Structures are given as C-alpha cells and as structure tokens.
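Chemist: Have a look at the structure that comes next, please.
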Amino acid sequence: MTRSSQIIAGNWKMNLTLSQGREFVATLKSYLEKGSVSRRVLLAPNFTLLAELAGLCAGSGIMLAAQNCAPQESGAFTGETSVAMLKDAGASHVLVGHSERRQIFGEDDSLLCAKLGAVARAGLVPILCVGETLEQRREGRALEIVISQLQADLVEFTEGELIVAYEPVWAIGTGQTATPADASDMHAGIREFLLERFAFGREIPILYGGSAKPDNAAELLAQPEINGLLVGGASLRPETFWQIITA
Ligand code: PEP
C-alpha cells in the first residue's frame, strides 16, 4: 500500500458508543486479516473513543481521525479539545469544515483557516471538507463556491500533508449521490486549483463524500480524480463499510 492508494474514511459523527466502537474495530480487523486490501482505511470516531480505538487499531493499518478540533493550542476554552490532545489520543488526521460544522455550528472560513493551521502545525493531516448547497448547484455556482471555500480555508496553508473531501451538502445523509460524472467534473476543478496553488498539488488526495454506499462505491472510485471516499451512514456497520473498502 502506498501514499497514492485510495482512502476509504468512515465518519461516525455522533454515533457509536465505546463498546460499539470496540466491536466495530474487532470485526473490521478480522476482515482485514483475511483479505489483502489495496486501499487505506481511516475511521473518524467521537473524541471519547479515540484513545481506546488507537490501542486496538495499532499495527492493523487502520488510521484514526478526529471529527473536529479547537483552533487554540490550550487554555480556558471549556468544552473544547486541542489538536495536541487529539494527537496524544492517537489521531493522525482531523476533519476540518465538515458541512455539519459549517451549517449547524456556524463555522466560517476564518475559523476553519485557524483550525487547519493548528492541525498542520501539530503535524497531523487536515481533511478539509468543502461542498455546495443544492441552491448553489441549481444556480450553476457549485464550482465557484467550492473553489472559494478552498481559497479561504487554505490561505495560510503552505506545506505539509493535506486531504480535500468534496462533499456536496445536498448529498450528505440524503441518499442522493452526485453522479460519477458530476463528482468527476468537480474533482477535476479542485485538482486544477490545487495544482495552481501548490507545487505538491498532484499529491493531495481528493475524496468524495455524500451518500456513498456499497452499490455506488465502485463506480465513484473508478473516476480518475476520485482518490477515495468519505462515508457517513454506510460506515456505521463494519459489514457495509467493508463492502465499500473492497468495492
Ligand atoms: C459525511 O457525513 O461526511 C457523509 C458523507 O455522510 P453520508 O455518507 O451519510 O452522506
């Protein structure tokens, strides 16, 4: 498996307790031990599961991401979790700017830029999520919106590892997936931006997220600029997640 292998990432959101997470990882590890997999596997559980799952995942190849982080390094920020704490708990990646953070919690681009900087300074890999709403897509502004999010959130990012996840808001948790052609067009536009912006733009994986499931994963993963999937609902059961990993 190389750094260019496709990535299948599961975002558990606010689901699965510690015992359910343990059971999930035990099952996933048993699948991984049986078959050889060419894709990289990453799980984004709740903060409360990270340290325990890091122990269970050690040596299995399963990587862990946090779903969010504070932009500050430490201090009087009740209820927040710093990047140093996430690293200490075993996360190697952090989701930044998931549409639920943007829409429900009002996270704007300047906050996301600060979070991204905190993640990168700690030597963890940010997974920057971008995507347009249905209204923006209907207005023909999907690419413009996505590029403006990338520009704003990456304004201070100059070096280090980065993953971008294109997640059209209207496809998340709705069962409505972008067509492989639409996703592919958007990924090509994102790649063009990354190549212009960074000397290492070719190395940045671009994941697709939005109702990815066992029955559409293979077709999505066959698109040239789709370097992996970020999976929500279908990552909550090891059986379906495994079907996507091996699609
Ligand atoms: C997500 O939350 O990142 C996501 C893609 O969710 P779902 O797969 O359920 O649409």
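Chemist: One residue is enough: does the range 107-118 have a residue meeting the conditions at pLDDT 95 or above and in contact with a Cys (Cβ under 7 Å, 6 or more places away or on another chain)?
Modeler: Initial filter on the range 107-118 (at pLDDT 95 or above): 107-118.
Okay, now just the ones that are also in contact with a Cys (Cβ under 7 Å, 6 or more places away or on another chain), so 115, 118.
Taking every residue of the range 107-118 in turn, at least one turns out to be at pLDDT 95 or above and in contact with a Cys (Cβ under 7 Å, 6 or more places away or on another chain).
Chemist: Might you let me know whether the range 50-64 holds any residue that is in contact with a Ser or Thr (Cβ under 8 Å, 6 or more places away or on another chain), at pLDDT 95 or above and among the charged types (D, E, K, R)? Walk me through how you get there before you give the answer.
Modeler: Looking only at the range 50-64, we keep the residues that are in contact with a Ser or Thr (Cβ under 8 Å, 6 or more places away or on another chain), and these are 63-64.
Going one step further and asking which of them are at pLDDT 95 or above, we end up with 63-64.
Pick out the ones that are also among the charged types (D, E, K, R) and you get none.
No: the range 50-64 contains no residue that is in contact with a Ser or Thr (Cβ under 8 Å, 6 or more places away or on another chain), at pLDDT 95 or above and among the charged types (D, E, K, R).
Chemist: Name, by its number, the condition in (1) surrounded by 20 or more Cβ atoms within 10 Å (Cβ to Cβ); (2) under 18 Å from the mean Cα position of the chain (by Cα) that does not hold for A142.
Modeler: With (1) surrounded by 20 or more Cβ atoms within 10 Å (Cβ to Cβ); (2) under 18 Å from the mean Cα position of the chain (by Cα) applied to A142, the lone miss is (2).
Chemist: Would you kindly identify the helices (runs of 4 or more DSSP H) lying entirely within the range 1-120 that contain at least 1 residues that are farther than 30 Å from T174 by Cα and without any contact (Cβ under 8 Å) to a residue 12 or more places away in the chain? Full working, then the answer.
Modeler: Numbers: elements: 18-34, 47-57, 83-89, 99-103.
Once the helices (runs of 4 or more DSSP H) in the range 1-120 are filtered for at least 1 residues that are farther than 30 Å from T174 by Cα and without any contact (Cβ under 8 Å) to a residue 12 or more places away in the chain, what remains is 18-34, 83-89.
Chemist: Would you call L128 more than 14 Å from the ligand (Cβ to nearest atom), modelled with pLDDT of 95 or more and within 18 Å of the chain's Cα centre (by Cα)? Talk me through it step by step, then tell me what you get.
Modeler: Working: more than 14 Å from the ligand (Cβ to nearest atom): no; modelled with pLDDT of 95 or more: yes; within 18 Å of the chain's Cα centre (by Cα): yes.
Against the criterion (more than 14 Å from the ligand (Cβ to nearest atom), modelled with pLDDT of 95 or more and within 18 Å of the chain's Cα centre (by Cα)), L128 does not qualify.
Chemist: Just to be sure before I move on: is S211 out of contact with any strand residue (DSSP E or B) (no Cβ under 6 Å at 6 or more places or on another chain), among the small types (G, A, S) and touching a residue at least 12 places away in the same chain (Cβ under 8 Å) in the structure I sent?
Modeler: Values: out of contact with any strand residue (DSSP E or B) (no Cβ under 6 Å at 6 or more places or on another chain): yes; among the small types (G, A, S): yes; touching a residue at least 12 places away in the same chain (Cβ under 8 Å): yes.
Yes; evaluated as a whole, the condition is true for this residue.
Chemist: Can I ask one more? Checking G97 against (1) closer than 18 Å to S235 by Cβ; (2) crowded, with 17+ Cβ neighbours inside 10 Å; (3) among the small types (G, A, S), which test does it fail?
Modeler: (1)
The values are calculated or read from the model by the stated rules, or taken from the named source; none is laboratory data. Computed from a predicted structure; not experimentally measured. Glycine also receives a Cβ, built like all others from the backbone with ideal geometry; neighbour counts cover every protein chain displayed.
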